[in-house]
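Some notes on the structure that comes next.
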Amino acid sequence: MMLHTPTTEAQACAVVASIVEARVPLAIRGGGTRTGLGRPDNAVSTISSAGLTGITLYEPAEMVIGARAGTPLKLIEETLASRGQMLPFEPMDHRALFGSEGEPTVGAIAAGNISGPRRINAGAARDSLIGVKLINGRGELVKSGGRVMKNVTGLDLVKLVSGSFGTLGFLTEVTFRVLPRPERIVTLIWEDLADETAVALLSGALGSPFEPMAAAHLPAGIGAEQARTLLRLENFSASISYRAAELARLLKSYGRPALVEGRASDSLWREVRDAAFFAGTPEAVWRLSLTPTSGPQATAAIARTVPGARWFYDWGGGLVWLAAPADGDAGADAIRAALKPLGGHATLVRAPDAVRAAVPVFEPLTEPLMRVTAGIKKSFDPEGVFEPGRMYAGV
């Protein structure tokens, strides 16, 4: 496979134009940490953002940062931390789940809309993404957005590109809104709650005025023998002390929570963020999105038809990470059948290539939505060279 590593936007435009002329399927790579996400790669050429690095804009007072797409996420986070700031959406690191190496890049975070536990309160990556530069399927450099968040009438290209996994174009630069880092972070932990009870607790907390920034439930056997229900609070120390006490009082019927902070709290949420409980196993891993209160109903239905399935809940129950045997269809039919009456959808995040080639990795679209999706793809990438079929077969 031919690898192209341009170091300027002009070089990247020339590479894409030559690929389009030759009509060669083209894969897009950043740090190579998420190559197992999506349908198997059928490209014969690759363009890498590794040569496009560096922070292009950082205005701490305006709380905005911009960088070339190949810039390591670690550099962005260290730069922000030096000024007491952070990316709001706590991006997941897939290296543990995929057993991959390399460094996650800021462009891949934008392209995949990669978010973590804080999403339930602070929004997803696309909600903080305010500007992009990308090269479309005509070899043209397109810029959308800028340094400030504005209301948009018509096509919001920034939001459209985020979550497209490189199928619409090659990102060369991205700009994010940032937030101050909290002074203190604590985690409240309840033990031995059943799934339904735990989700009711999380729902009560998230509906309260005490503003949990993350809410998760780890059933028994997920990282510990006992089930654990987690709420994370962030802010000034005085605020944390008050809110923790009020939440414990509000939720006293569920028992008295333990309070953890520092490294123990950080490590626990890192495991939740990265689905690290499923690292190093041969299982297929699914990401289920549904209304929080229906999470336990969905997992109970799946457990009846997918022997050996195990799971944990994030986003107050609205995100379920589920591991299942990787043979056959990795439980795809049963999982999606369980979610359909609940209005949820499922993404196959990790599985062997043969399974990802045979099973729809992303939730199958209805015919009208598939027609719209194919039309958008055609308008950005007329020759279909960018990541063909990565999200949907035939698109």
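The values are calculated or read from the model by the stated rules, or taken from the named source; none is laboratory data. Because the structure is a prediction, the values reported are computed rather than measured. Note: ideal-geometry Cβ built from the backbone for every residue, glycine included; neighbour counts use all protein chains shown. Just the protein is used for accessible areas: all its heavy atoms, side chains included, with ligands, DNA and RNA removed. Shrake-Rupley method; radii C 1.70, N 1.55, O 1.52, S 1.80 Å.
The table below lists the values:
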| item | result |
| --- | --- |
| Verdict on SER239 being out of contact with any helix residue (DSSP H, G or I) (no Cβ under 8 Å at 6 or more places or on another chain), within 23 Å of ARG181 (Cα to Cα) and open to solvent by 10 Å² or more (accessible area, probe 1.4 Å) | yes |
| Counted residues, the range 105-115 - those being on the phi < 0 side of the Ramachandran plot and either surrounded by fewer than 24 Cβ atoms within 10 Å (Cβ to Cβ) or in contact with a His (Cβ under 9 Å, 6 or more places away or on another chain) (or both) | 2 |
| The one condition in (1) open to solvent by less than 20 Å² (accessible area, probe 1.4 Å); (2) more than 17 Å from GLY169 (Cα to Cα); (3) over 23 Å from the mean Cα position of the chain (by Cα); (4) of a type in the set (Ser, Thr, Tyr) that SER45 fails to fulfil | (2) |
| Checking GLY102 against (1) of a type outside the set (D, E, K, R); (2) open to solvent by less than 30 Å² (accessible area, probe 1.4 Å); (3) within 19 Å of THR53 (Cβ to Cβ); (4) part of a loop (DSSP other than H, G, I, E, B), the condition it does not meet | (2) |
| Close pairs (6 angstrom Cβ cut-off, 6 or more residues apart or separate chains): closer than 22 Å to VAL64 by Cα in the range 86-103, open to solvent by less than 20 Å² (accessible area, probe 1.4 Å) and of a type in the set (Ser, Thr, Tyr) anywhere | PRO88/SER128; PHE89/SER115; PHE89/SER128 |
| Scope the range 304-343; condition open to solvent by 50 Å² or more (accessible area, probe 1.4 Å), over 25 Å from LEU206 (Cβ atoms) and in a helix (DSSP H, G or I); matching residues | ARG304, THR305, ASP333, ALA337, LYS340 |
| Search result, residues across the range 375-387 that are touching a Gly at 6+ places or on another chain (Cβ under 8 Å) and open to solvent by less than 60 Å² (accessible area, probe 1.4 Å) | LYS377, PHE380, ASP381, PRO382, GLY384, VAL385, PHE386, GLU387 |
| Residue in the range 231-248 that is within 20 Å of the chain's Cα centre (by Cα) and at positive phi present | no |
| Residue list for the range 40-49, filter: at pLDDT 95 or above and assigned to a loop (DSSP other than H, G, I, E, B) | SER49 |
| Matching strands (runs of 3 or more DSSP E) fully within the range 183-253 where at least 3 residues are under 22 Å from ILE302 (Cα atoms) | 214-218 |
| Among the candidates VAL158, VAL174, residue that is over 26 Å from GLU211 (Cα atoms), among the hydrophobic types (A, V, I, L, M, F, W, C) and touching a helix residue (DSSP H, G or I) at 6+ places or on another chain (Cβ under 7 Å) | VAL174 |
| Every pair of residues 6+ apart whose Cβ atoms lie under 7 Å, when the first sits in the range 30-44 and is more than 20 Å from VAL355 (Cα to Cα) while the second is part of a loop (DSSP other than H, G, I, E, B) and of a type in the set (A, V, I, L, M) | GLY30/ALA69; VAL44/MET1; VAL44/VAL24 |
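Rundown of residues vs (1) part of a loop (DSSP other than H, G, I, E, B); (2) open to solvent by less than 50 Å² (accessible area, probe 1.4 Å); (3) among the aliphatic types (A, V, I, L, M), yes/no style:
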| site | (1), (2), (3) |
| --- | --- |
| GLY31 | yes, yes, no |
| GLY51 | yes, yes, no |
| TYR58 | no, no, no |
| ALA67 | no, yes, yes |
| ILE120 | no, no, yes |
